[in-house]
1. If you scan the range 177-231, which residues turn out to be within 18 Å of the chain's Cα centre (by Cα) and of a type in the set (S, T, N, Q)?
2. Applying the selection to the range 98-122, what residues are among the polar types (S, T, N, Q) and either free of Cβ contacts under 8 Å to residues at least 12 places away in the same chain or touching a helix residue (DSSP H, G or I) at 6+ places or on another chain (Cβ under 6 Å) (or both)?
3. Just to be sure I understand, how many residues within the range 251-260 are in a helix (DSSP H, G or I) and surrounded by 21 or more Cβ atoms within 10 Å (Cβ to Cβ)?
4. Given the condition surrounded by fewer than 19 Cβ atoms within 10 Å (Cβ to Cβ), at pLDDT 95 or above and not in a helix (DSSP H, G or I), answer yes or no: does some residue in the range 63-76 qualify?
5. Inside the range 58-76, can you point out the residues that are within 12 Å of C184 (Cβ to Cβ) and within 16 Å of the chain's Cα centre (by Cα)?
6. Let me confirm something: among V269, V204, which residue is more than 17 Å from F114 (Cβ to Cβ), in a helix (DSSP H, G or I) and touching a residue at least 40 places away in the same chain (Cβ under 8 Å)?
7. Those residues that are closer than 13 Å to F265 by Cβ, of a type outside the set (G, A, S) and over 9 Å from the mean Cα position of the chain (by Cα), I need them from the range 77-130; list them, please.
Amino acid sequence: MTSSSPAPLTDGHAGGSGTPMVMFHGINGSWRIWRPVIPALEARHALFVPTLIGHRGGPELAPGPNGIRVIADDMENRMDKAGISRAHLVGNSLGGWLALEMAARGRGLSVVAFSPAGTYNKPADLRRIGTLLKLARSSSDRKSVARLMAKPRTRKMLLRSAMLRGDLVPTDDIAEMNADLKACTMLDGLLESLKVTGPTRELVIAADCPVRIAWAARDRTIPYKRYGAPWTSVLPGAEILQLSGVGHVPMYDDPALVTRTILEFTDRVDNPSAAAS
């Protein structure tokens, strides 16, 4: 049975067994965006999947400019409370940027970042993404949009900037996404912070924490040429690959591809002798 109302609120998910893995969602979202891949990952890792500060179910955020350091400070505290000193770090969009920032703070065993935010070529690129995200937020209150989202064909069209196969997203998950979008208080402060700091230009991650940046080939939210290519200068040692057949939020488009992209990389760290053979 499906429902148009969001489920009871929780601030995250924990489960599974194995080496620790912490997963970070993107702006305007929550931990739930990872649900398509959680079961497969839990078979190999002990997952900690929190909702970020300033997002629905996460810690409240003080008003004003709030950049990546504010998010990372809060996440370090939450990892400490969970007893996690270092973990495999996985993130998408803002969450990918956060994963890289946390690794620079020494909290990573490895990083897999899917289309990480944080870099761009020029101020116009920041204005573009700000406009896109604010438009998505304003449309979340329109009843006509909610009705259209109930139909797979129009749902695919309305979600095309985020994913290729919006028609595959269950109705219940659409209700959660819409509630997450309405409740996010991070967006304006993050954009204000970026106007001051500009894009990430330098980030030092220790050699014992390998980094994989996986960019969606059909990313319409932050296309690689404008938003991804600068990461090659910031992190010249990172492995960068393209994911075919998926959009900016790839977990619904191809959960098997996302799972494989993560696990083959974490296996190299957890089983170095097997990877070398």
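The values are calculated or read from the model by the stated rules, or taken from the named source; none is laboratory data. Computed from a prediction, not measured in an experiment: that's the story for all the values here. Cβ placement follows ideal geometry from the backbone for every residue including glycine, while neighbour counts extend to all protein chains displayed.
1. N178, T185, T200, T221
2. S110, T119, N121 - these are the residues of the range 98-122 that are among the polar types (S, T, N, Q) and either free of Cβ contacts under 8 Å to residues at least 12 places away in the same chain or touching a helix residue (DSSP H, G or I) at 6+ places or on another chain (Cβ under 6 Å) (or both).
3. Residues that pass the stated criteria total 4.
4. Among the residues of the range 63-76, not one is surrounded by fewer than 19 Cβ atoms within 10 Å (Cβ to Cβ), at pLDDT 95 or above and not in a helix (DSSP H, G or I), which makes the answer no.
5. Of everything in the range 58-76, just one residue is within 12 Å of C184 (Cβ to Cβ) and within 16 Å of the chain's Cα centre (by Cα), namely G58.
6. None of the others qualify; the one that does is V269.
7. Within the range 77-130, H88, L89, L109, V111, V112 qualify.
Conditions tested, residue by residue: (1) touching an Asp or Glu at 6+ places or on another chain (Cβ under 8 Å); (2) crowded, with 17+ Cβ neighbours inside 10 Å; (3) outside any loop (DSSP other than H, G, I, E, B); (4) modelled with pLDDT of 90 or more.
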residue	(1), (2), (3), (4)
E176	no, yes, yes, no
L194	no, yes, yes, yes
D208	no, no, no, yes
D219	no, yes, no, yes
K225	no, no, yes, yes
